[in-house]
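To start, the structure under review is shown below, and the notes come after it.
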Amino acid sequence: MHGFLQYIQSYLDSDKTPGGAGNIFWATVYILLVFAGLSVAVIAMNWLERKILAHMQVRLGPMRVGPHGLLQPIADAIKLLLKEDIIPAEADALVFWIAPFIVVLAAFTVFVVVPFGPTHAITDMNIGILFMLGVSSLSVLGIVTAGWASNSHYPLIGALRSSAQMVSYEVAMGLAVVSVILMTSLGPEGGTLSMIGIVQAQQAQGEWFIFKFFPLGLVGFFIFAIAMVAETNRAPFDLPEAESELTAGFHTEYSGFRWSLFFLAEYSAMIAVSSIAVTLWLGGWLRPFPNALTGPTWDLVFSLFPGITFLLLAVMCFYNTARMPKHPLFRVQTMGLAGFGVVLALIGLILFIPAVRVRVTDIYWFAAKVGAFMYLYIWYRGTFPRYRFDQLMKVGWKVLLPTGLVLLILTALVGMRTELWAELQGVWRP
Amino acid sequence: MNPPVATPFFFYLLAATMIAGGILVITRKNAVHSAMALITTLLAQAGLYLMLYAPFVAGVQIILYAGGIMVLFLFVIMLISIERAEKERQFNKQWLVGIVAAGALGGLFIAVYTTTTKGKILFPEGQLTYGETQNTQAIGSLLFDRGAGQYMFAFEIASLLLLVAIIGAVVMAKKRI
Amino acid sequence: MDAMLHISTLHYLVLGAALFLLGVIGVLTRRNVVIVLMSIELILNAVNLNLVAFSRYWQGIHGPSALHGQVFAIFVITDAAAEAAVGLGILIAFFRNKETVNVDEVNLLKW
């Protein structure tokens with residue numbers, strides 16, 4: 001038992017990712033952890049999206065299943081799993097069967113290279129960002145084949161829209177990413193495509209790339225932030241599944257388990273592109289103000305954040321417990337909410353233990369930044385009206401693409417400033 | 001650097017996937033099925049590139065071939081109706097000649113690969129003992145560097161080719177110019 | 001048996017040759033233009049596999065920066081993209097005029 005603990009300890013303190021250390025056991029553990037974390041995140045997102053949207057529209061949202069509808073996602077999941085799995089008679093059964101799996105595989109494989117911390121990634125690839133963009137672009141194949149295999153008009157139109165949309169916005173996205181890769185080459189380490197390397201370059205250069213060469217980094221970030229919404233088929237660019245025009249777009253004919261696979265893939269793709277944005281522009285696992293607020297005191301203050309967050313959530317639970325109706329019918333729900341609060345408070349207290357605190361900080365900051373993006377997604381859905389398809393294409397090809405090209409050239413010029421200056425002087429001086 | 005794990009197993013697995021995919025590509029009636037088989041082949045080939053220590057080419061293969069060109073293929077297959085094409089004859093009249101010609105080519109391949117000079121096959125394995133860490137940077141400097149960049153001109157020509165291809169594709173696919 | 005278990009350049013070359021043959025058979029025998037174009041992609045990929053395998057072989061002799069084969073493979077992928085775009089453009093024009101996707105029905109100039 002003691003040996004086992006030491007074994008775990010040695011890996012927690014190792015300075016390599018499991019893939020980098022070549023340890024298959026720890027790689028498997030990390031994969032399972034990431035998978036479980038993602039599933040929990042998707043379930044939480046499901047509940048949060050419905051609640052936040054409801055509150056934005058002055059509604060209550062799910063309130064019946066569990067206190068404040070907390071068990072609603074679980075009820076939904078059970079409902080979806082128990083539903084009959086229908087394959088339309090005229091559909092191409094094989095392709096219809098495979099398509100959701102392509103989407104899910106593409107959405108989950110991406111997380112192999114996402115760095116939750118300097119050592120908290122399944123592996124670190126030399127071509128990390130290229131791998132992420134490539135594999136996440138494979139999900140369009142699943143969507144197109146799903147729409148085609150349904151052998152029905154709405155899904156086919158949805159699939160065609162989605163493929164056109166994703167291919168167009170990939171271009172702008174790639175240009176924004178390349179400008180970041182140019183920025184990494186300015187550091188002492190030289191340029192890199194590895195996800196961990198990109199965050200370390202931000203650490204070495206002392207600023208997040210969103211603030212680099214102001215406003216160039218910011219412009220690149222905005223291009224990516226718009227393109228990533230279009231890539232994941234979310235509002236206001238959710239034309240492939242526009243309810244009012246295409247019923248449900250490419251997944252109209254899907255039901256039950258297969259539909260829930262599309263749902264899972266959509267949300268994990270959102271988390272994936274958000275983590276690309278966080279890694280590339282917002283410093284990945286780095287805490288805010290790593291240079292301005294230095295010293296052990298500030299380190300301590302920032303490492304208290306995870307525990308404080310969970311305690312705040314627990315306080316919210318207890319506040320709402322106190323506000324629950326006092327009628328005996330609500331007794332179970334009140335107790336449930338209080339119990340949920342106690343669990344959150346316990347997690348918060350555990351996160352204050354120094355040994356845990358030190359190891360969790362990186363993951364916390366990464367998750368917090370990704371969470372902000374998730375909120376943005378919901379916020380977009382609550383506020384923006386849907387674009388028309390020609391407007392969507394116009395934004396992609398006539399606004400984002402030229403901006404991205406100019407941005408790339410400007411980044412290269414600014415980055416090469418000194419060298420260029422010396423060369424110009426050499427040309428002018430005979 | 002870690003030594004590669006189970007190289008023969010993965011090589012034969014990926015090779016079998018590629019051959020099976022290739023056979024499906026040329027035998028399926030339905031073009032979408034063919035395209036999906038081709039995608040499988042391309043992804044397996046990306047895996048083989050990784051085994052050959054060429055991660056950048058593998059990434060380009062995934063992002064360009066599987067994510068770009070194949071989406072274009074699927075898009076076009078869906079634009080043109082293929083309901084009728086499935087019920088027609090799949091192979092053309094000179095299929096026998098084609099197979100004989102391919103068989104002759106295969107014979108040529110076998111003849112070359114089994115040729116021995118002084119008792120050795122033509123391609124012995126070179127020793128490779130370093131990792132892939134600088135692969136992307138090395139390719140970049142071959143393409144762009146001032147000193148070592150031998151392919152700068154070829155790169156510019158490739159960009160010109162792409163420009164011509166864009167214009168050509170637009171001209172071909174447009175209804176009226 | 002040892003030759004089977006030790007993966008050498010020759011293994012990749014044989015695989016490339018097999019893929020090339022499959023592509024050639026597809027180009028020579030199929031009627032559907034889309035599948036003919038896909039068979040051309042197979043041929044290009046077989047060539048790419050050979051190039052990358054030779055690149056590794058060459059690296060073993062000339063050191064880690066002898067990546068000419070990989071650079072060639074990237075150029076081939078670029079050309080494949082251009083070829084697919086133009087080929088599919090021609091295909092769409094052809095389909096619009098003749099309402100068919102079979103190569104042996106392209107016989108407007110035949111008489």
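Quick rundown of the values:
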item: Among residues of segment A:279-304, those that are part of a helix (DSSP H, G or I) and at pLDDT below 85, counted; result: 8
item: Restricting segment A:25-37 to residues that are under 18 Å from the mean Cα position of the chain (by Cα) and touching a residue at least 12 places away in the same chain (Cβ under 8 Å), the residue that is farthest from A:Asp124 (Cα to Cα); result: A:Phe35
item: Qualifying helices (runs of 4 or more DSSP H) (wholly inside segment A:342-430; at least 1 residues being under 30 Å from A:Ile196 (Cα atoms)); result: A:354-383, A:401-415, A:417-428
item: Given (1) in a helix (DSSP H, G or I); (2) more than 8 Å from chain A (Cβ to nearest Cβ), index of the condition B:Ile62 fails; result: (2)
item: Failed item in (1) assigned to a helix (DSSP H, G or I); (2) within 11 Å of chain A (Cβ to nearest Cβ); (3) not hydrophobic (A, V, I, L, M, F, W, C), with B:Gly22 passing the rest; result: (2)
item: In segment A:38-58, the residues that are aliphatic (A, V, I, L, M), without any contact (Cβ under 8 Å) to a residue 40 or more places away in the chain, assigned to a helix (DSSP H, G or I) and surrounded by fewer than 16 Cβ atoms within 10 Å (Cβ to Cβ); result: A:Val40, A:Ala44
item: Positions within segment C:60-102 being more than 18 Å from B:Tyr151 (Cα to Cα) and polar (S, T, N, Q), in sequence order; result: C:Asn97, C:Thr100, C:Asn102
item: Helices (runs of 4 or more DSSP H) lying entirely in chain C (those with 3 or more residues that are in contact (Cβ under 8 Å) with a residue 12 or more places away in the chain and within 7 Å of chain B (Cβ to nearest Cβ)); result: C:9-29, C:33-62, C:68-98
item: Positions within segment A:79-90 being among the charged types (D, E, K, R) and either part of a helix (DSSP H, G or I) or more than 14 Å from chain B (Cβ to nearest Cβ) (or both), in sequence order; result: A:Lys79, A:Lys83, A:Glu84, A:Asp85
item: Selection count, segment B:65-84, where residues are among the β-branched types (Val, Ile, Thr) and more than 9 Å from chain A (Cβ to nearest Cβ); result: 4
item: Residue count for segment B:156-177, restricted to those that are more than 8 Å from chain C (Cβ to nearest Cβ) and in a helix (DSSP H, G or I); result: 6
item: Number of the condition not met by B:Gly47 [criteria: (1) at pLDDT 85 or above; (2) of a type outside the set (Val, Ile, Thr); (3) touching an Asp or Glu at 6+ places or on another chain (Cβ under 6 Å)]; result: (3)
item: Residue in segment A:2-13 that is on the phi < 0 side of the Ramachandran plot and under 23 Å from the mean Cα position of the chain (by Cα) present; result: no
item: Condition broken by B:Ala138, with the remaining ones in (1) touching a Ser or Thr at 6+ places or on another chain (Cβ under 7 Å); (2) outside the structural domain of B:Tyr151 (by TED's automatic domain parsing); (3) crowded, with 20+ Cβ neighbours inside 10 Å; (4) modelled with pLDDT under 85 satisfied; result: (2)
item: Pick from segment B:86-95, criterion loosely packed, with under 12 Cβ neighbours inside 10 Å and at the interface with chain C (Cβ under 9 Å from one of its Cβ atoms), ranking: modelled with the lowest pLDDT; result: B:Arg89
item: Any chance C:Leu21 is touching a strand residue (DSSP E or B) at 6+ places or on another chain (Cβ under 8 Å) and farther than 22 Å from B:Val32 by Cβ; result: no
item: Members of segment A:199-239 that are among the β-branched types (Val, Ile, Thr), more than 17 Å from A:Ser137 (Cβ to Cβ) and part of a loop (DSSP other than H, G, I, E, B); result: A:Ile210
item: All positions within segment B:25-45 that are touching a Ser or Thr at 6+ places or on another chain (Cβ under 8 Å) and more than 9 Å from chain C (Cβ to nearest Cβ); result: B:Val32, B:Met36, B:Thr40, B:Ala44
item: Evaluation of A:Gln205 against (1) within 14 Å of chain B (Cβ to nearest Cβ); (2) over 25 Å from A:Met270 (Cα atoms) (one fails), failing number; result: (1)
item: Matching entry among A:Phe310, A:Phe373 (being among the aromatic types (Phe, Trp, Tyr) and farther than 22 Å from A:Val229 by Cα); result: A:Phe310
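Conditions tested, residue by residue: (1) within 30 Å of A:Asn151 (Cα to Cα); (2) modelled with pLDDT of 85 or more.
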| site | (1), (2) |
| --- | --- |
| B:Arg84 | yes, no |
| B:Ile110 | no, yes |
| B:Lys120 | no, no |
| B:Thr133 | no, no |
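A quick yes/no check of all residues on (1) in contact with a Gly (Cβ under 6 Å, 6 or more places away or on another chain); (2) basic (Lys, Arg); (3) at the interface with chain B (Cβ under 9 Å from one of its Cβ atoms):
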| position | (1), (2), (3) |
| --- | --- |
| A:Ala149 | no, no, yes |
| A:His153 | no, no, no |
| A:Arg161 | no, yes, no |
| A:Leu175 | yes, no, no |
| A:Ser179 | yes, no, no |
| A:Gly190 | no, no, yes |
| A:Ile226 | no, no, no |
| A:Ala230 | no, no, no |
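The values are calculated or read from the model by the stated rules, or taken from the named source; none is laboratory data. Just so it is clear, the structure is predicted and the values come from calculations on it, not from any experiment. Note that we place each Cβ from the backbone using ideal geometry, even for glycine, and neighbour counts take in every protein chain shown.
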